[in-house]
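The values are calculated or read from the model by the stated rules, or taken from the named source; none is laboratory data. Keep in mind that what you see is a predicted model, and the values were worked out from it rather than measured. Don't worry about glycine lacking a Cβ; one is built from the backbone with ideal geometry, like all the others, and counts go over all protein chains shown. Side chains included, ligands, DNA and RNA excluded: accessible areas come from the protein's heavy atoms. Shrake-Rupley method; radii C 1.70, N 1.55, O 1.52, S 1.80 Å.
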Amino acid sequence: MIQTDRCSFRWLCCGMAAAFLFGVLVSSEAYAAKKKARRASKPKVEDKRVYLVHADVLFYDQFKNPDAQILNGKVQFRHQGATLHCDSAHFYEASNSFEAFGHVRMYQGDTLSLLSDYAYYDGNDEMAIARNNVKLKNRETTLYTDSLNFDRLYDNAYFFEGGKMVDGKTTLVSDWGEYNTKSKLAVFNYNVKMRTKDMYLTTDTLYYDTGTSTAMIVGPTDITSGKSHIYSERGYYDTKNDRARLLERSVLKNQGKTLVGDSVWHDEKAGLSKAFFNVIYTDTVNKNKLTGNYGEYNDLTGYAMCTDSAMVADFSQKDTLFMHADTFKIFTFNINTDSVYRKIHAYNKVRAYRIDVQAVCDSLVYNSLDSCMTMYHDPIVWNNRQQLVGEEIQVFMRDSVVDRAHVINQAFSIEQLPDTVHYNQVSSKEMFAFFYKGAIREAQAKDNVLIIYYPEDSADSTLIGLNYTETSELHMFLENGKMKKIWMPKAEGTLYPMSQIPPERKLLDGFAWHDDVRPVSKQDIFFWRPKSKKAK
């Protein structure tokens with residue numbers, strides 16, 4: 001019994017010891033877990049101390065600078081991921097700052113460096129003040145100045161005594177500016193100048209994105225690029241690709257040509273310019289103007305186009321000619337040679353107005369090679385009381401003045417007399433008109449010529465009667481707008497007194513006086529009116 005009891009007691013003691021040991025272990029693990037949790041819940045204290053990494057010599061001078069450690073020879077500091085090297089320094093450990101002298105070099109990562117002759121660094125504010133021969137380099141962008149403050153906390157660099165930024169092939173200078181090394185956005189103020197190989201920009205305020213090489217125009221700005229000059233107060237200029245997107249009625253000029261629009265897009269390398277809304281294109285060399293809501297022009301090819309309320313105004317003569325069409329296009333051939341010439345296409349619902357002449361047709365082509373303007377599809381031309389129609393009408397110019405005209409197929413000339421009731425008429429297969437100083441001096445009608453003419457009494461200009469004539473050819477010579485001489489070969493005709501005119505002789509077959517279609521002002525050219533089906 002005693003042995004058994006001793007054995008039982010021994011086992012009991014061992015069990016109690018094991019239980020105690022297990023409890024201790026459990027308590028230790030719980031304590032460790034709680035300790036770890038408390039550590040995790042405690043906020044981390046950011047280490048903002050400036051560390052001195054190396055100096056060849058360190059000493060104190062209690063008389064000259066008792067607050068500083070004076071360092072010489074290969075001095076190196078470290079702070080918040082940045083390192084700074086210099087020849088000598090004053091280290092103010094109490095204020096967590098230092099002054100650096102001689103060959104100052106600060107590096108942040110492998111993309112940002114700041115070089116200067118002198119710098120002061122405040123570790124608490126993370127502010128570097130660099131002076132004299134300052135060079136801030138961020139990847140491919142370098143900023144040169146003599147006075148720069150660099151705020152590492154917000155990645156902002158400020159210069160205020162003149163600075164120059166070099167970004168690839170782009171150079172910018174100004175009196176004052178700032179540059180964010182993180183966003184890569186720079187702001188330049190006062191006497192701003194930007195230059196690339198082919199472009200020069202001047203303004204007072206400019207934003208520049210070094211990441212995209214794009215300048216943002218926010219005030220009155222002049223840009224010279226090649227032969228082009230741009231004035232804009234708001235827009236964007238891509239210096240890498242020489243492209244501009246300009247707003248707020250920007251103006252683009254090129255060798256006597258001016259393009260204005262609510263917004264203008266210009267690609268200098270491609271020679272292409274586009275304008276949107278309220279577009280005005282003026283050519284002072286050729287004395288014409290083109291307006292519309294969309295237009296484009298290519299300097300390299302000489303191609304131009306305008307549409308949406310498009311209008312051409314030619315002011316080469318005393319009176320301006322206004323012309324409207326759905327679309328105008330200009331094609332240039334043999335550009336940059338002595339044999340250059342152009343073709344102007346106007347198509348769909350062409351209407352033209354000048355004080356002395358008006359016209360309508362479906363489409364029109366002007367060729368500067370022979371100075372010929374050809375009107376297609378139901379062309380009609382009016383001059384004072386005269387109307388001319390045909391399947392096709394060609395007008396040849398000389399020194400911007402009408403020299404001659406040719407009406408092809410179903411030619412029909414009508415003159416409305418002052419009483420507005422009677423009409424002189426000529427119809428033939430084709431007609432020719434010859435002008436002198438802009439006034440018609442000779443008219444010809446050929447092939448199957450039919451004539452209705454009302455001779456007048458020379459005394460009181462009353463109508464004598466109606467002369468109906470059929471012939472193969474007609475020549476009329478005019479002076480001051482009045483017929484002076486007439487010639488024709490063998491002809492057959494009848495003179496009817498005014499009281500004995502047969503009704504069927506008053507109008508030739510195909511007669512139609514289209515006065516309701518005729519443009520009456522420069523504003524009226526925008527309102528298309530089709531020809532009346534019913535002849536008068």
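Quick notes on this one:
- ILE451 accessible area, assembled protein chains, probe 1.4 Å, Å²: 10 Å²
- Over the chain, DSSP H runs of length four or greater, each weighted -39,500 (n - 2.57), average out per residue to a 222 nm ellipticity of -3000 deg cm²/dmol.
- The Cα-based radius of gyration of region 134-293, divided by its Kirkwood radius, gives an Rg/Rh of 1.05.
- Under 12 Å from the ASP125 label point (7 Å along Cα→beta-carbon), backbone N, region 152-182: 152-153
- Mean accessible surface per residue for the chain, computed with a 1.4 Å probe while every protein chain stays in place, in Å²: 56 Å²
- If the convex hull is drawn through the Cα atoms of region 283-326, its volume per residue in Å³: 68 Å³
- When ARG78, ARG105, ARG354 are compared by accessible surface with a 1.4 Å probe, the order from highest to lowest is ARG78, ARG105, ARG354.
- Using the Cβ-Cβ distance between ASP151 and PHE59 with R0 = 25 Å, the FRET efficiency computed as 1/(1 + (r/R0)^6) comes to roughly 0.20.
- Label separation (ASP447 vs TYR200): 6.2 nm, computed from points 7 Å beyond Cα along the C-beta direction.
- GluC sites (Glu not before Pro) lying in DSSP loop within region 155-253, provided at most 16 other Cβ fall within 10 Å: GLU161, GLU233
- Solvent-accessible area of LYS193, all protein chains in place: 80 Å² (probe radius 1.4 Å, heavy atoms, ligands and nucleic acids excluded).
- The largest accessible area among LEU321, LEU206 belongs to the first residue in LEU321, LEU206, and the rest follow in falling order (1.4 Å probe, all chains).
- Accessible carbon and sulfur surface of region 453-536 relative to its total accessible area, %, 1.4 Å: 52 percent
- Of all accessible heavy-atom area on region 262-364, the percent that carbon and sulfur account for (1.4 Å): 53 percent
- Over all Cα atoms in region 217-308, the spread is summed up by Rg and Dmax: 12.0, 35 Å.
- Cα gyration tensor shape of region 175-227, rounded if a/c is under 1.5, else prolate or oblate by comparing a/b with b/c: oblate
- In this view, the solvent-accessible surface of GLU473, computed with a 1.4 Å probe and all protein chains in place, comes to about 50 Å².
- Length available on full extension from ASP262 to LYS490: 0.36 nm per residue minus the Cα-Cα distance, which gives 75.6 nm.
- Principal-axis tilt of helix 2-41 within the chain, Cα atoms, nearest 10 degrees: 40 degrees
- Environment charge at LYS240 (Cβ cut-off 10 Å; Lys +1, Arg +1, Asp -1, Glu -1): -1
- For region 288-345 and region 360-419, distance of Cα centres in Å: 20 Å
- P(r) weight above 46 Å for the chain, C-alpha pairs, percent: 51 percent
- Shape class for region 403-506: oblate, because the ratio a/c of the largest to smallest gyration tensor axis (alpha-carbon atoms, square roots of eigenvalues) is 1.5 or more and b/c is at least a/b.
- Prolate is the label for region 266-402, because a/c, from the alpha-carbon gyration tensor with a ≥ b ≥ c as root eigenvalues, is 1.5 or above and a/b exceeds b/c.
- Largest-first ordering by accessible area, 1.4 Å probe, given options HIS79, HIS103, HIS90: HIS103, HIS90, HIS79
- log₁₀ of I(q)/I(0) at q = 0.16 Å⁻¹ - region 90-185, Debye sum with one point per alpha carbon: -0.62
- In Hz, Karplus ³J(HN,Hα) per residue of region 57-68 (6.51, -1.76, 1.60; θ = phi - 60°; x = Gly, Pro): 9, 9, 7, 10, 10, 5, 8, 7, 8, x, 8, 10
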